[in-house]
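Here the structure comes first, spelled out in structure tokens, and everything after it is commentary.
Taken together, the values in this text are just the output of simple stated rules run on the coordinates, not laboratory data. What you see is a predicted model, and the numbers here were worked out from it, not measured in a lab. Using ideal geometry, Cβ is built from the backbone for each residue, glycine included, and neighbour counts are taken over all protein chains shown.
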């Protein structure tokens, strides 16, 4: 699962994909409706790849937590983010047994599950080995096409 260009923009619902960086900010595309918006540098923007969850041992990257959710549900949809708080915290306890109960709130779990289900519905939650195999096949196909002999002109004498 690659979260490198997935953004959460404060004050805007849903997730966005970083498309183009500009002089004054960047252009992002909404995952929900595909509309492009411009975001200035003063906006509060979080890359999902940079987010971590507090544990008693330190911090755990969000990508690892989402990968654990994906494995638990066989890369399908997780439970709804609209469940009651006790259910959400119990669910997180299954996924991440040593999360810091004093610093991680039910609202955090709601965001994580909402983001996961959004990414999953858009086909962005895939098994790493399958994704790397698909990328390898694409590169192999490109190199096969590139290796075809070019026609050369022969000059008649």
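Here are some notes:
- Cβ crowding within 10 Å ranks 22, 118 as 22, 118, fewest other Cβ atoms first.
- Order of 23, 103 - criterion: other Cβ atoms within 10 Å of each residue's Cβ, fewest first: 23, 103
- Segment residue 46-residue 20, extension gain: residue separation times 0.36 nm, minus the distance between their alpha carbons: 7.8 nm
- Order of 64, 59 under a 10 Å beta carbon neighbour criterion, fewest first: 59, 64
- Relative contact order of region 51-121: 39 percent, from C-alpha pairs under 8 Å at least 6 residues apart in sequence.
- Rounded if a/c under 1.5, otherwise prolate or oblate - region 1-84, Cα gyration tensor axes: prolate
- Prolate/oblate/rounded label for region 6-48 (Cα gyration tensor, a/c 1.5): oblate
- Once the chain from residue 5 to residue 55 is taken as fully extended at 0.36 nm per residue, the excess over their C-alpha distance is 15.5 nm.
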